[in-house]
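Working notes for the structure below.
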């Protein structure tokens, strides 16, 4: 009951970090298994969601380090999920197909650009710009001074902008990228 209200938000963050539902579920399950023996301690935490996000982030980083030690095979599931989500969007949304195609391409470009960022920068962009964590919260979650969080976020956004503009034809409206950040995986 204590963790129940936090699970959708934690899953969303895990999904954004891992970029596929299976890995997100595994990550969240690992975190929950580690926290289960400590439920009594969790009841005393005042701001539970930021604390849980910090635990999730640390587990994600540890998992990334473990995976970097092994050769990772590219999983076609990621492409299948993208195709299925696009088909679902076509069936449920009453927008013009060319607009949906443009948004799908934009989402793919943003995802590719996010993947190109370092883990530290990607985590900051996801947590601040996509999940809405305040800079003060990020400073606490990441155990970094406020100035470091601000400068890293600035550099991450600049690098993301550079990556997106590199592959872009004439610049399109910024609304599409913003809409992707706030609507994707919610």
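The table that follows gives values for the structure above.
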quantity	calculated
Residue match in region 134-147 (condition: farther than 27 Å from residue 46 by Cα and not in a helix (DSSP H, G or I))	no
Long-range neighbours under 7 Å by Cβ, at least six apart or interchain, first residue not assigned by TED's automatic domain parsing to the domain that holds residue 117 within region 149-172, second surrounded by fewer than 11 Cβ atoms within 10 Å (Cβ to Cβ) and modelled with pLDDT of 95 or more	none
Any helices (runs of 4 or more DSSP H) falling wholly within region 1-57 and containing at least 1 residues that are touching a helix residue (DSSP H, G or I) at 6+ places or on another chain (Cβ under 6 Å), touching a residue at least 60 places away in the same chain (Cβ under 8 Å) and buried (at least 16 other Cβ atoms within 10 Å of the Cβ)	7-18
Residue in region 96-118 that is surrounded by 17 or more Cβ atoms within 10 Å (Cβ to Cβ), at pLDDT 85 or above and assigned to a helix (DSSP H, G or I) present	yes
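The values are calculated or read from the model by the stated rules, or taken from the named source; none is laboratory data. Everything numeric here is computed off the predicted structure, so don't read it as measured data. We place every Cβ from the backbone using ideal geometry, glycine too, and count neighbours over all the protein chains shown.
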